[in-house]
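K.L.:
Dropping the structure in here first, questions after.
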Amino acid sequence: MEKKLISGEKWNIYWMEYSANTYLYGSTIRYIAKDHVEYCNELMPPGTVIKEWFSKVNYQEKRIEPELPMIDGETDYRISINISGPDIESCIIRLVFYDRYEQEAGSLILTEKEQDFKCPLKTYSYSIQLINGGMDRFVFHSITISELISEAEGDSINVNG
């Protein structure tokens, strides 16, 4: 089994104040800093999508830019979730992959705070969903996506010849 190393490509995803893709009903949201958003909703049912980020958006419709980096089906990635709170084990992260016709091409539910993944080859865009698994309050810091390269690939790159 190859040992994986993190390459230089790394993206941090934050919870911006734009609230169109956020579950607001009965929610209290405090934007303290870019990497510190406090969320509380004691009446939200489990299974509810609290927040969703997209790699492709219709700018004409939403007036926002994509919040996720473009990724492909040929590269391995690592996703790291930085959320704190009393019931954080109830936090569910789901990646949904779409083909170029915006049909679901696959999905992945994260079971750890850090997990390696590879998206389907026909992935054209994707979204990340933060889902309530029974928690009623938490602090969101960031989600980090990193490209992974194998040690063998990294050794074969020799710029100086």
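K.L.:
Can you tell me how many residues within the stretch 50-82 are of a type in the set (Val, Ile, Thr) and surrounded by fewer than 19 Cβ atoms within 10 Å (Cβ to Cβ)? It would help to see each step written out before you state the result.
P.N.:
Step one: filter the stretch 50-82 for residues of a type in the set (Val, Ile, Thr), giving 50, 57, 64, 71, 75, 79, 81.
If we keep only those that are surrounded by fewer than 19 Cβ atoms within 10 Å (Cβ to Cβ) too, we end up with 64, 75.
Going through the stretch 50-82 one residue at a time, the tally reaches 2.
K.L.:
Could you list, in sequence order, all residues of the stretch 83-105 that are surrounded by fewer than 16 Cβ atoms within 10 Å (Cβ to Cβ) and on the phi > 0 side of the Ramachandran plot?
P.N.:
Glu102
K.L.:
Is there a residue being touching an Asp or Glu at 6+ places or on another chain (Cβ under 9 Å), exposed (fewer than 14 other Cβ atoms within 10 Å of the Cβ), hydroxyl-bearing (Ser, Thr, Tyr) and at pLDDT 90 or above anywhere in the stretch 18-28?
P.N.:
yes
K.L.:
Considering only residues of the stretch 5-55 that are part of a loop (DSSP other than H, G, I, E, B) and of a type in the set (A, V, I, L, M), which is nearest to Phe97 (Cα to Cα)?
P.N.:
Ranking the candidates gives Ala20 first.
The values are calculated or read from the model by the stated rules, or taken from the named source; none is laboratory data. What you are looking at is a predicted structure, and each value in this text was computed from that prediction instead of being measured. All Cβ positions, glycine included, derive from the backbone under ideal geometry; neighbour counts span all protein chains shown.
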